[in-house]
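Asks: Provided herewith is a single structure, encoded as structure tokens, for subsequent inquiry.
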Amino acid sequence: MIRLGAMDRRSFLGSAAATLTLPGCVTTSGRTAVRNICLPPVHVAADRVIRTVAGLRPYRAAGFVVRAEALGGKRLVHNYGHGGAGITLSWGTSKLAAMLGLPGHRGPVAVIGAGVMGLTTARLVQEAGFPVTIYARALTPDTTSNIAGGQWSPFGHYRDDLVTPEWRAQFAAALDYSWRRFQIMVGDDYGIRWLPTYTETGGGPPAPAPLDAYHPGLRRLAPDEHPFPIEQVTRFDTMYVETGRFLRQLTRDVQLAGGMIRVRDFSAPAELAALPERLIFNCTGLGSRALFGDTGLEPVRGQLAILLPQPEVRYAFTGQAGYMFPRADGIVLGGTFERGVWEMTPEPDAIAGIIASHRRLFGGFRCTA
Ligand SMILES: Cc1cc2nc3c(=O)[nH]c(=O)nc-3n(C[C@H](O)[C@H](O)[C@H](O)COP(=O)(O)OP(=O)(O)OC[C@H]3O[C@@H](n4cnc5c(N)ncnc54)[C@H](O)[C@@H]3O)c2cc1C
């Protein structure tokens, strides 16, 4: 199994926490410190696993693609390649794509793909006043987007030495819009909520991008401020998306606003050129590799084990043990980062490893609520 190293959620968050500004923190006697925080542990056991899944992150070392080009007499706007951060970046890069495609356009619009990129792009096109049809091989719940754990965190989607200054500017703009857009959607209807996140702080490489603003409340905890059997723990707040509910609601929103959804598989750009719409957004995720010959796009497989829901667990964790995101539809335990692996069946050994590491973590709690 090949791990992404600098690109994985654990090392990224560990390094981000290590290098970000830590407002009023680091000392064990900080003004805002709350002592003896006991948390309800996650009950980790093989017989509490309700499902296992494996999904393929559409990873592109040179970064996501948001770009317009001509396709015959049509305008084609790409919006794909978001790796392990597609939920996080969705509203943001879809906004950039819409801003590239819509100015000067009249008439209906086609969106190819019904994952998080296709659905958010379609909504933004509708909000701008254009009729839209989504064409996709697979619909929710059968997309990669439905598998995502749903942490709002811009990790694991590019290699720092391969991106351009122009791309960094797109990334920063996308983050800014996504951050604000998700916040105004917090609530049960879209399945989005804020949670405190406890992160094992490691060494790791420096964090990419200016991310301070996206980790509110970030501070290092003293040993008596958390129950984890871990030496260095950092806490911050971020949003968590129950992806199934979110995507279902977005699909409804598209349809309520008059959008059409058609199941269709495209095997060549010429088939897109034959569509009636003159503006087309390509939101096919990993599918862009075959459809547009982008060999820079590769899968990074992630395997997850989902446990029975525990509504009392209202915090998340990332660290050496893996990650734990509590959702109404189950406790998500992750996960693997396997580069270049296309197989979508979860492997019992990998799942057993995920269960074992989390069992040790929560079994070692020093204090339980
Ligand atoms: C295990 C795991 C955990 C993750 N956790 C997180 C997380 O916590 N936070 C986060 O931000 N991100 C996370 N991600 C990443 C996120 O899931 C992806 O970046 C995101 O889902 C990509 O969305 P997409 O719409 O581009 O692709 P997809 O969801 O794959 O959608 C692509 C759409 O295009 C269609 N399509 C493809 N090819 C064709 C074709 N030729 N013709 C017609 N239709 C086509 C598909 O059928 C589908 O409808 C995770 C991913 C995995 C696998």
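Any read-out appearing in this document is the output of simple, stated calculations on the displayed coordinates, not a laboratory observation. Owing to the predicted nature of the structure, the values given are computational and were not obtained by experimental measurement. Positions of Cβ are backbone-derived with ideal geometry, glycine not excepted, and every protein chain shown enters the neighbour counts.
Asks: How much length is gained on full extension from residue 252 to residue 142, taking 0.36 nm per residue of separation minus their Cα-Cα distance?
Replies: Length difference between fully extended and current span is 38.0 nm.
Asks: Also: Could you give the length gained on full extension between residue 74 and residue 369, defined as 0.36 nm per residue of separation minus the Cα-Cα distance, in nm?
Replies: Net length gain for the segment: 100.2 nm.
Asks: Order 122-133, 88-99, 55-66, 353-364 from most to least packed using the mean count of other Cβ atoms within 10 Å.
Replies: Descending mean neighbour count gives 88-99, 55-66, 122-133, 353-364.
Asks: Turning to a different aspect of this structure: Work out the FRET efficiency for residue 329 and residue 270 from their Cβ-Cβ distance, taking R0 = 30 Å, and round it to the nearest 0.05.
Replies: 0.15
Asks: Given 0.36 nm per residue, what is the gain on full extension from residue 237 to residue 320 after removing their alpha carbon distance, in nm?
Replies: Roughly 27.9 nm would be gained on extension.
Asks: Another one. If you restrict to DSSP beta bridges whose two residues both lie in the chain, what percentage is antiparallel, to the nearest 5?
Replies: In the chain, DSSP labels about 70 percent of beta bridges as antiparallel.
Asks: Quickly work out the residue 183-to-residue 160 label distance, labels modelled 7 Å from Cα along the C-beta direction, and quote it in nm with one decimal.
Replies: My value for the distance between the label points is 2.6 nm.
Asks: Let me ask something else. What residue among 101, 113, 72 has the largest mean-square fluctuation in a Gaussian network model of the chain, using Cα springs under 10 Å?
Replies: Checking each option, the largest mean-square fluctuation is seen for 72.
Asks: Would you please classify the overall shape of the stretch 242-359 from the alpha carbon gyration tensor, given that a ≥ b ≥ c denote the square roots of the eigenvalues, rounded means a/c under 1.5, and beyond that prolate means a/b larger than b/c while oblate covers the rest?
Replies: oblate
Asks: Another question about this same structure. For the stretch 86-165 and the stretch 250-317, what is the separation of their Cα centres, given in Å?
Replies: So the separation of the two Cα centres works out to 8 Å.
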